[in-house]
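Participant: Sharing a structure here in structure tokens format.
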Amino acid sequence: MKVMIRKDNAGVLSVYVPKKDLEEPIVSQENPDLWGGTVTLANGWQLSLPEMAEGTTLPITVDARKLSED
């Protein structure tokens with residue numbers, strides 16, 4: 001699914017999912033540099049993010065994969 005990742009003025013990362021009209025802050029991330037790992041949103045969703053080059057600027061739209069909720 002296509003998602004937009006951005007950082008607000010306070011430095012908080014958030015994910016916007018246009019098809020769901022949903023914006024949630026990222027509450028934890030697997031990798032400190034964000035890319036190539038999973039992130040957890042405030043609503044409990046876990047998304048797998050693609051590998052991106054170090055220093056990728058935000059905001060950016062990427063193709064993330066929602067991990068199943070068991």
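Participant: With θ set to phi - 60° and the Karplus curve 6.51 cos²θ - 1.76 cosθ + 1.60, what are the ³J(HN,Hα) couplings of the range 11-21 in order, to the nearest whole Hz, using x for Gly and Pro?
Facilitator: Couplings: x, 7, 7, 9, 10, 10, 10, x, 5, 9, 6 Hz.
Participant: Continuing with this model, one more query. Any idea what diffusion coefficient the chain gets from Stokes-Einstein, in µm²/s, Kirkwood Rh on alpha carbon pairs, 10 °C, 1.306 mPa s?
Facilitator: D, rounded to a whole number, is 131 µm²/s.
Participant: Moving to a separate point now. Would you work out the charge dipole size for the range 2-66 about its Cα centre, treating the Cβ of every Lys and Arg as +1 and the Cβ of every Asp and Glu as -1, and quote it to the nearest 20 debye? Can you show the working numbers first?
Facilitator: Numbers: 7 positive and 9 negative charges, 53 e Å.
Dipole of the range 2-66, to the nearest 20 debye: 260 debye.
Participant: Further question on the same structure: Relative contact order for the range 9-70: what is it in percent, counting Cα pairs under 8 Å that are at least 6 residues apart?
Facilitator: 21
Coordinate-derived values only; no laboratory data. Keep in mind it's a predicted model, so treat the numbers as computed, not measured. When we count neighbours, we look across all protein chains shown, and the Cβ atoms used for this are built from the backbone with ideal geometry, even at glycine.
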